[in-house]
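Below is one structure, written out as C-alpha cells, with a few remarks after it.
The values are calculated or read from the model by the stated rules, or taken from the named source; none is laboratory data. Treat the numbers as computed from the prediction; the structure is a model and nothing was measured. Cβ atoms come from the backbone with ideal geometry, glycine included; neighbour counts cover every protein chain shown. Areas reflect the complete protein model, heavy atoms only, side chains present, ligands, DNA and RNA absent. Shrake-Rupley method; radii C 1.70, N 1.55, O 1.52, S 1.80 Å.
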Amino acid sequence: MRSRLWPDADAQGLADEARAFNDGYAVPGVDAVFIAEDELPEPVGFLELSVRQFSDGCDSMPVPHVEGWYVEPGARGQGLGRDLMRRAEEWAQERGFTELASDTGIDNEASLRAHAHCGFVEVERLIKFRKPLT
Ligand SMILES: CC(C)(COP(=O)(O)OP(=O)(O)OC[C@H]1O[C@@H](n2cnc3c(N)ncnc32)[C@H](O)[C@@H]1OP(=O)(O)O)[C@@H](O)C(=O)NCCC(=O)NCCS
C-alpha cells in the first residue's frame, strides 16, 4: 500500500521501512501507523503520522503530521479513511497534542475534499522548487 501511495519512491525501501517499524525499530518520519482492516484477509488502508518540529500554518510545536493516508480504491467511500483519521486524532490527543497537520498535492481534489470533510481547514498553498547542483 505504501508503494501505491508513493509510486515514485523505491518500493523495496518502503517495504523495508514498514517491516522495520513493525519489528519495533525507529523509522525516520514514522511515529505512529494505523491500519484499516475490512473483512478481507489483507489490510485495505493505512495512515502514518510523524511528529514534526513544526508544520506550516499550525500554532503548536511540535505537531503530529499526517505523512500518508491511503485506502485501496475498492474500499473507498465507506468511512475507512475517516476512521483512520479519527484514530490518529485520538492518538495525538492522548499525547497532549492540540492540532493535527497534513498536506496534499495541489491537484488532488479527492484528498482536498476528504481532508475538508474530516475537519481540516486549508491554511496555505506552497510551490516547491528544485535546482540540480552540477
Ligand atoms: C483520501 C482517502 C484516504 C479517503 O479515504 P476514504 O476511505 O475514501 O474516505 P471516507 O470514505 O472515510 O471519507 C471521509 C470523508 O471524506 C469525504 N470524501 C472522501 N473521498 C471524497 C471524494 N473523492 N470527494 C468528496 N468527498 C470525499 C467523504 O464523503 C467523507 O465525508 P462525510 O463522512 O462527511 O461524507 C482515499 O481517497 C485515498 O486513499 N486517496 C488516494 C491517496 C491520497 O490521495 N491520500 C491523501 C494524501 S496523503
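Keeping to the range 82-95, report how many residues are open to solvent by 60 Å² or more (accessible area, probe 1.4 Å) and farther than 28 Å from I127 by Cα.
7
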Among the numbered conditions (1) surrounded by fewer than 11 Cβ atoms within 10 Å (Cβ to Cβ); (2) of a type outside the set (S, T, N, Q); (3) under 16 Å from the mean Cα position of the chain (by Cα), tell me where A32 comes up short. (1)
Using beta carbons and a limit of 8 Å, which pairs, at least six apart or on different chains, have the first residue in the range 101-118 and touching a residue at least 24 places away in the same chain (Cβ under 8 Å) and the second one assigned to a loop (DSSP other than H, G, I, E, B) and open to solvent by less than 30 Å² (accessible area, probe 1.4 Å)? A101/S55
Considering each residue of the range 95-107, count those that are at negative phi and over 14 Å from the mean Cα position of the chain (by Cα), and give that number. 6
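Conditions tested, residue by residue: (1) open to solvent by less than 40 Å² (accessible area, probe 1.4 Å); (2) over 21 Å from I127 (Cα atoms).
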site: L5; (1), (2): no, no
site: V27; (1), (2): yes, yes
site: A36; (1), (2): yes, yes
site: S60; (1), (2): yes, yes
site: H65; (1), (2): yes, no
site: G68; (1), (2): yes, no
site: L80; (1), (2): yes, yes
Run down L126, L100, L84, L112 and say which single residue is over 30 Å from D38 (Cα atoms) and within 15 Å of the ligand (Cβ to nearest atom). L126
Identify, by number, the condition in (1) closer than 17 Å to Y70 by Cα; (2) at pLDDT 95 or above that E42 doesn't meet. (2)
With the first residue restricted to the range 63-84 and required to be of a type in the set (S, T, Y), and the second required to be surrounded by fewer than 17 Cβ atoms within 10 Å (Cβ to Cβ), Cβ contacts under 7 Å at 6 or more apart or on different chains are Y70/R4; Y70/L5
